[in-house]
Amino acid sequence: MKLILAIIQDKDSQQLQEKLVKGGFRATQLPSTGGFLKAGNCTFIIGVEEEKVDDVLAIIKKNCHTRSQYVTPTFLMPEAASSLSEPIEVQVGGATCFILPVDKFVRF
Amino acid sequence: MKLILAIIQDKDSQQLQEKLVKGGFRATQLPSTGGFLKAGNCTFIIGVEEEKVDDVLAIIKKNCHTRSQYVTPTFLMPEAASSLSEPIEVQVGGATCFILPVDKFVRF
Amino acid sequence: MKLILAIIQDKDSQQLQEKLVKGGFRATQLPSTGGFLKAGNCTFIIGVEEEKVDDVLAIIKKNCHTRSQYVTPTFLMPEAASSLSEPIEVQVGGATCFILPVDKFVRF
Ligand code: NI
Ligand code: NI
Ligand code: NI
């Protein structure tokens, strides 16, 4: 058993949840924020047998998109607030996944 | 030291929190959603010495109930939306627990 | 790669996020509650190379403060509700950190 912690964009969460259920996987979803953009994201907790980890990662990869987004540089570099003010384009999204070992798994 | 991640129903969270405190355990609670029913649930993070893991699991088992709930099958199987429309009874609740190894624990 | 789960007070979260970004670390923030006071706190998830774990812990220690707070003892000891009613001073805050092993880390 492994625990996958996947941090993804809100926009991809519903589709990912549906595809995981369709693949026979159970996921719990936690609202989260963070990263450079403070954009809304969410964190999936997915418990999975070791031999199915790659299947889950493939589903995540397929359903979590990288997108372009405009941000004001003052957010990224507050110290540059006076000199820069035009929004710039950055890549956001995709998925950040941690695969953690599990000592024991129980359901009641 | 072990980290217990326990996903339980919202309805059981207050009672579980109280019983954990009474048992001398500290728990952090994160709002979450997911599973088949998308019903509100929450995720407890509990740090505990290895020899106390079973005590915590016993408290979780005792305070997290399985319940019957009615859902429309179209949610479970969207592809069957036209043919099925009566709500069906399913079992929800209980607790899903992952016990994770911890390399190091610090408090400041 | 290690995963740091840090539970801190809401009041410290913005400053901690800024200092982590400044140090080149990425953190995801999850709203949480719990502990004795039920005060709002939040849980940071920080993925970090093993040799940088102490750097991150130093940033957390520096930016998460312990504070005095008044609570009514009836919350801490409901059974004493009738005999005690004056608020008492307790120490809250700081940070509780779990450092977890990571089997694998992927970004898409
Ligand atoms: Ni797509
Ligand atoms: Ni009961
Ligand atoms: Ni300070």
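Where a number appears in this text, it was derived from the coordinates with a stated rule and is not lab data. This is a predicted model, so every value here is computed, not measured. Positions of Cβ are generated from backbone atoms using ideal geometry, with glycine treated the same way; all protein chains shown enter the neighbour counts.
A few notes on this one:
- 3 or more residues hydroxyl-bearing (S, T, Y) and more than 16 Å from ligand 3 (Cβ to nearest atom): qualifying strands (runs of 3 or more DSSP E) within region C:1-57: C:27-34
- Any chance C:I46 is surrounded by 23 or more Cβ atoms within 10 Å (Cβ to Cβ) and within 13 Å of chain A (Cβ to nearest Cβ): yes
- Total residues in region C:13-43 satisfying the condition of being surrounded by fewer than 21 Cβ atoms within 10 Å (Cβ to Cβ) and touching a residue at least 40 places away in the same chain (Cβ under 8 Å): the figure is 6.
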